[in-house]
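Following: one structure in structure tokens, then a few remarks.
The values are calculated or read from the model by the stated rules, or taken from the named source; none is laboratory data. Values in this document were obtained by computation on a predicted structure and should not be read as measured data. Positions of Cβ are generated from backbone atoms using ideal geometry, with glycine treated the same way; all protein chains shown enter the neighbour counts.
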Amino acid sequence: MSVDKAFREMVRNEIEAQLKPLRDLVSRLEAGTADLDRLRSVAEQLAPLASAVGPLFGAGGGRAAVAAPARRGPGRPARSAAAPAAAASGGGKRRGRKPAAEGGARECAIGGCGKPSRTKGYCAAHYQKLRMLEKTGRRPSAWVDYAEPNSVDDIKLPRGRAAAKALAEAAQKNAG
Ligand SMILES: [Zn+2]
């Protein structure tokens with residue numbers, strides 16, 4: 001019986017240790033994939049459920065790929081396989097999309113965009129653009145994190161040949 005208790009304790013610690021990389025993974029993937037609210041809520045649900053999930057731990061391995069079609073980082077598969085089962089059997093309250101996405105969400109920081117902000121004050125599309133600009137060394141100084149809604153001017157990216165030129169120039173500027 002105390003062995004059983006120790007085992008549960010170990011399982012709980014293991015799950016909690018797994019949660020942090022999962023959360024980090026979620027925030028890293030956030031810009032890239034549209035439908036990560038689900039994965040995020042899985043991570044949030046896992047925390048309070050850690051003890052309930054104990055018996056299921058390691059039992060439901062093979063379905064992770066089905067539950068999480070999005071790309072994932074190296075290392076263990078995310079624990080998402082255990083979560084739906086736990087949510088279903090545990091009878092906990094289910095949470096869909098973040099309510100912020102519908103009701104009184106702040107709008108995107110980019111002026112005239114009008115979409116609800118999702119990450120650091122930007123809507124999904126503009127946050128993706130921001131990340132791309134940052135990665136290519138072209139992030140405008142006005143595009144700060146958590147900018148006020150509608151306070152930042154969008155920029156028009158060059159296309160075609162001009163785009164390649166702009167990229168090369170930015171790369172050179174960053175190197176030199
Ligand atoms: Zn936007």
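Laid out as a table, the results:
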| item | result |
| --- | --- |
| Cβ pairs under 6 Å, 6+ apart, first in region 109-136 and at pLDDT below 95, second buried (at least 22 other Cβ atoms within 10 Å of the Cβ) | none |
| Scope region 115-125; condition within 8 Å of the ligand (Cβ to nearest atom) and crowded, with 22+ Cβ neighbours inside 10 Å; matching residues | SER117, TYR122 |
| Subset tally (residues that are modelled with pLDDT of 95 or more and surrounded by 15 or more Cβ atoms within 10 Å (Cβ to Cβ)) for region 151-176 | 2 |
| Qualifying residue in region 96-108 (condition: part of a loop (DSSP other than H, G, I, E, B) and modelled with pLDDT of 85 or more) | yes |
| Conditions (1) touching a residue at least 12 places away in the same chain (Cβ under 8 Å); (2) farther than 21 Å from GLU107 by Cα; (3) in a loop (DSSP other than H, G, I, E, B): number failed by ASP154 | (2) |
